[in-house]
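The values are calculated or read from the model by the stated rules, or taken from the named source; none is laboratory data. What you are looking at is a predicted structure, and each value in this text was computed from that prediction instead of being measured. Using ideal geometry, Cβ is built from the backbone for each residue, glycine included, and neighbour counts are taken over all protein chains shown. Each accessible area value is taken on the protein alone, full model and side chains, heavy atoms only, with ligands, DNA and RNA left out. Shrake-Rupley method; radii C 1.70, N 1.55, O 1.52, S 1.80 Å.
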Amino acid sequence: MKLVYNKTTINQILFIVCVIVPFLNNYELSFSVWALAILATLKNKYSTEFVKYISLFIIIFFLAILVGFFFKHQTYYVIRDITYLLKPISGLILGYQLFSKKIENPFRFLVYAGVSIAIYHLILVGNGIFFHGANNVHVIREYGGYFNDFEIYTLILLVFNKKINLGFSQKKTYWFLFIMSLSSFFYLARTNFIQFVILFLALKGFLVINKRALTIIFTLVSISLASYTAVYYYNPVRNGKGLDEFLYKIKVIPSEAFSTKINRNDWKQFNDNYRSYENIRTITQLSQHDNLLFGEGIGSQVDLKQKVFLMTLLQYISILHNGYMTVLLKTGIVGVFIYLFSISFFFRKNIYKTLELKTIHYLFIGTGVFLIISNWVFMGFYNLIDTKTLLIGFLFAYKNHLLKQPSHD
């Protein structure tokens, strides 16, 4: 990768640092590093499209603050929520600011950033397996991390290496594909597997609805249902050996995400369907207090009615696994509609004639589809270790740069 040794070089290094730092699983550190990087790379201009998009998250942020004035939440949780709700805003702004028109082939730069993360991740996984005896899904993920959306974007770009002209040699492409595939696999994250399929379909153009796309989507849905049926009747056991534990997590997907009634005294049912339990408690709490329309504002928490081990024992939680429910808690149904509108932003109909713009457009469509799913189970842009906002902000800036080129028709 050819680097220009000036401000552009510093921005590229900062980008990689900002993508890696959330891996340390210390949100205070991540927030501080991102905030300093934003201040160090401020721009004079932002595209109108980007300003419109990010303003939706800013509205959610200020709505949560406004609603919070009507409640007496503890100062500590108010301050913590401020940093939490700034997460997608800061990531998008930072990604936008770290783009530079002097970067030679921005897609290739994103791949180098992804490979850097993957190598670091594999070191963590290797440390867990070879030095600490990690031998099942749960423990491996404890050492290596639970997911990484950024790496999946990178892997997809590599898969379409020739189509988008990354300019890598065949040998380098194969090595990068091996590193990225191995690292992505070791997250053992169901959402990342789904993300890969969605982005693959997007880059193939199959998410632009037409007769061919509908046929392919219908076929894939049928295969997925048949595969799930096979897993269900195979009946993998929880805490099983080898792939059994992973297959068990696939088996419980419907109940885990969509259960409407859970027995808290049945520890197995409670554990398997915990994410649904969070949703049930959030809606119940807001309904009982007549706060469904505007939520309970910044600093609000959901009472789980019992202590649950979430890195530490907690009965009250500010951020839920479900991004929609997190926004519902803070800003109610009004905020959820704004959040859904932010997702619909990616589906705007555009016709681009250049390869780069078409690739960005397809990545945006894939992102929109993936966000619909990931928000339900993994917080979407509000996940505290999420880094895809950096990539999305970067792509907004890259798109704006391309649209300004005289060659764009």
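Could you check GLY295 against (1) farther than 28 Å from TYR153 by Cα; (2) open to solvent by 10 Å² or more (accessible area, probe 1.4 Å); (3) in contact (Cβ under 8 Å) with a residue 60 or more places away in the chain; (4) over 23 Å from the mean Cα position of the chain (by Cα) and say which number it fails?
GLY295 satisfies all of (1) farther than 28 Å from TYR153 by Cα; (2) open to solvent by 10 Å² or more (accessible area, probe 1.4 Å); (3) in contact (Cβ under 8 Å) with a residue 60 or more places away in the chain; (4) over 23 Å from the mean Cα position of the chain (by Cα) except (2).
Mind checking which residues of the range 29-40 are free of Cβ contacts under 8 Å to residues at least 24 places away in the same chain and surrounded by fewer than 18 Cβ atoms within 10 Å (Cβ to Cβ)?
Kept after step one, since they are free of Cβ contacts under 8 Å to residues at least 24 places away in the same chain, are these residues of the range 29-40: 29, 32-33, 36, 39.
Once the filter is applied, which keeps residues that are free of Cβ contacts under 8 Å to residues at least 24 places away in the same chain and surrounded by fewer than 18 Cβ atoms within 10 Å (Cβ to Cβ), the range 29-40 yields LEU29, SER32, LEU36, LEU39.
Does THR326 meet the test of being over 22 Å from THR154 (Cα atoms), modelled with pLDDT of 90 or more, open to solvent by less than 30 Å² (accessible area, probe 1.4 Å) and not in a strand (DSSP E or B)?
Values: over 22 Å from THR154 (Cα atoms): yes; modelled with pLDDT of 90 or more: yes; open to solvent by less than 30 Å² (accessible area, probe 1.4 Å): yes; not in a strand (DSSP E or B): yes.
Here the answer is yes, as THR326 does meet what is asked.
So is LEU63 under 24 Å from VAL111 (Cβ atoms) and at pLDDT 90 or above or not? I'd like the intermediate steps shown before the answer.
Numbers: under 24 Å from VAL111 (Cβ atoms): no; at pLDDT 90 or above: yes.
When the stated conditions are applied, LEU63 does not pass them.
Results for (1) within 28 Å of LYS172 (Cβ to Cβ); (2) part of a helix (DSSP H, G or I), shown as yes or no for each residue.
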site	(1), (2)
ILE117	yes, yes
TYR120	yes, yes
VAL125	yes, yes
PHE130	yes, yes
ALA134	no, no
HIS138	no, yes
ARG141	no, yes
TYR146	no, no
THR154	yes, yes
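Exactly one of (1) out of contact with any Leu (no Cβ under 7 Å at 6 or more places or on another chain); (2) assigned to a helix (DSSP H, G or I); (3) of a type in the set (Ser, Thr, Tyr) is unmet by TYR46. Its number?
Among (1) out of contact with any Leu (no Cβ under 7 Å at 6 or more places or on another chain); (2) assigned to a helix (DSSP H, G or I); (3) of a type in the set (Ser, Thr, Tyr), the lone unmet condition for TYR46 is (2).
Can you tell me which residue among PHE206, PHE168 is surrounded by fewer than 22 Cβ atoms within 10 Å (Cβ to Cβ) and free of Cβ contacts under 8 Å to residues at least 60 places away in the same chain?
On the way: PHE168 fails: free of Cβ contacts under 8 Å to residues at least 60 places away in the same chain.
None of the others qualify; the one that does is PHE206.
Being in contact (Cβ under 8 Å) with a residue 60 or more places away in the chain, more than 12 Å from GLY295 (Cα to Cα) and part of a helix (DSSP H, G or I) is the filter here, so list the residues in the range 55-74 that pass it.
LEU56, PHE57, ILE59
Quick check on the range 63-107: of everything there that is under 21 Å from GLY368 (Cβ atoms) and of a type in the set (Val, Ile, Thr), which residue is surrounded by the fewest Cβ atoms within 10 Å (Cβ to Cβ)?
The qualifying residue surrounded by the fewest Cβ atoms within 10 Å (Cβ to Cβ) is ILE89.
Looking at the range 108-140 only, could you name the residues that are surrounded by 21 or more Cβ atoms within 10 Å (Cβ to Cβ) and among the small types (Gly, Ala, Ser)?
ALA113, GLY114, ALA118
So in the range 46-62, with the set limited to residues that are of a type outside the set (Phe, Trp, Tyr) and open to solvent by less than 30 Å² (accessible area, probe 1.4 Å), which one is farthest from HIS401 (Cα to Cα)? Working first, answer last.
Restricting attention to the range 46-62, the residues satisfying the condition of being of a type outside the set (Phe, Trp, Tyr) are 47-49, 51-52, 54-56, 58-60.
If we keep only those that are open to solvent by less than 30 Å² (accessible area, probe 1.4 Å) as well, we get 47, 54, 56, 60.
Numbers: SER47: 9, ILE54: 18, LEU56: 22, ILE60: 28 Å.
The residue in question is ILE60.
Does the range 306-316 contain any residue that is open to solvent by less than 10 Å² (accessible area, probe 1.4 Å) and modelled with pLDDT of 90 or more?
Here is the first cut: in the range 306-316, the residues open to solvent by less than 10 Å² (accessible area, probe 1.4 Å) are none.
No.
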